[in-house]
Amino acid sequence: MQDNNKKMTIVTMAQRLEVSTATISNAFNRPDQLSAELRERILDECRRSGYGGPRRGRQKSRRPVLGLVLEGALGDSLGNPETGALIRGLSEELDRQQYSLLLLSGPGSNTGAQLPVVDGLIYWRFGGRRLDRLPEASVVALECNVPGCSSIRIDHYAGGRLAARHGMKLAGGSAAILGLGLLDSDRVCRVREAEALARDGDRWQQRLRGYLDGLQEAGVGRARERIWHLPGTAPSVARQAVSEALDCNPRPRLLLCMDDRIAAIALEVAAERGLQVPHDLRVIGFGNAVAQGEPELTTLVPAPAEERGRLAARMLFGEIPLQDQLLTPKLLPGRSCP
């Protein structure tokens with residue numbers, strides 16, 4: 001029994017029982033958070049395995065903590081409205097469960113030695129080096145990959161495919177794709193399909209694959225020669241890419257834009273050229289970033305960041321199984337592509 005107790009940790013017990021580490025902790029320290037049946041099942045298995053419960057020591061009276069590892073420096077990350085929305089969603093669940101939230105910047109927080117003690121951990125679009133050793137806490141990855149941990153992701157491929165098929169449902173014409181993050185370049189440039197897809201696994205490449213497959217299924221080809229890389233969404237950058245696309249002969253009938261801010265500029269350029277939307281040109285965005293300011297824009301709407309934050313917290317609390325979740329964006333039709 002003693003030998004087993006040395007080997008057993010809260011993580012191994014959570015894996016054995018297929019619950020979160022927070023649920024194991026609650027079984028010992030916060031029984032009001034669990035049903036009597038679930039608590040008894042956990043305690044029975046812990047007794048059989050020789051596991052005596054979470055080590056609390058001097059932390060016995062501390063409030064449990066959930067850590068959120070952001071994608072970059074705190075200042076930059078907190079300036080992103082989507083990050084703020086994610087934190088709001090998390091906070092609702094944390095307040096309900098009486099948890100505290102610890103914000104960790106990506107740089108400098110990615111080694112086991114530097115990670116503070118937490119009862120659960122969420123990675124948000126984290127692209128840095130992974131933990132050398134995971135803490136004794138359950139981990140959920142949001143819009144990123146942490147090997148061996150559950151993830152919640154937007155299905156960018158399904159969204160791109162849906163946009164392309166919807167955009168080409170009216171017969172005739174061709175399409176152009178205005179993409180982001182396709183190359184390591186700070187210039188607007190045309191890019192071939194093989195080169196654009198070289199970074200397999202990135203959300204922009206997943207979205208591009210969806211566009212291309214959707215166009216092929218619609219019977220208009222894969223737009224191999226009409227893919228643009230944009231280094232960002234600044235109006236001047238978007239205007240250059242849109243203008244180059246519309247200068248093609250024949251002119252594309254559909255612009256698939258990887259961001260709503262690019263799509264909004266596309267509508268401006270179309271109006272300046274006297275093009276009638278959607279008769280002469282159809283435009284579809286992604287992200288619902290400017291949907292209220294541009295009610296005519298058709299766009300793909302991912303699950304709101306608040307919803308993803310609540311979902312991640314509930315997974316860590318054991319209310320939802322710790323398993324991968326893939327959320328498909330919804331099409332929000334507008335006048336730009338009804």
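Summary of computed values
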| item | result |
| --- | --- |
| Extreme residue, farthest from the chain's Cα centre (by Cα), among residues of the range 169-216 that are part of a loop (DSSP other than H, G, I, E, B) and acidic (Asp, Glu) | Asp186 |
| Exclusive hit being over 30 Å from Gln325 (Cβ atoms), open to solvent by 10 Å² or more (accessible area, probe 1.4 Å) and touching a strand residue (DSSP E or B) at 6+ places or on another chain (Cβ under 8 Å), set Leu255, Leu281, Leu267 | Leu267 |
| Any strands (runs of 3 or more DSSP E) falling wholly within the range 108-167 and containing at least 1 residues that are more than 15 Å from Ala305 (Cα to Cα) and either in contact with a Pro (Cβ under 6 Å, 6 or more places away or on another chain) or at pLDDT below 65 (or both) | none |
| Complete set of residues in the range 217-252 that are part of a helix (DSSP H, G or I) and either surrounded by 15 or more Cβ atoms within 10 Å (Cβ to Cβ) or among the basic types (Lys, Arg) (or both) | Val237, Ala238, Arg239, Gln240, Ala241, Val242, Ser243, Glu244, Ala245, Leu246 |
| Qualifying residue in the range 304-312 (condition: without any contact (Cβ under 8 Å) to a residue 60 or more places away in the chain, closer than 30 Å to Leu90 by Cα and open to solvent by less than 30 Å² (accessible area, probe 1.4 Å)) | no |
| The listed residue being modelled with pLDDT of 75 or more, of a type in the set (S, T, N, Q) and either in contact with an Asp or Glu (Cβ under 8 Å, 6 or more places away or on another chain) or closer than 30 Å to Val301 by Cβ (or both), out of Ser25, Ser49 | Ser25 |
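The values are calculated or read from the model by the stated rules, or taken from the named source; none is laboratory data. Note that this is a predicted model, so its numbers are computed, not measured. Cβ: placed from backbone, ideal geometry, glycine included. Neighbour counts: every protein chain shown. Heads up: the accessible areas ignore ligands, DNA and RNA and are worked out on the full protein's heavy atoms, side chains in. Shrake-Rupley method; radii C 1.70, N 1.55, O 1.52, S 1.80 Å.
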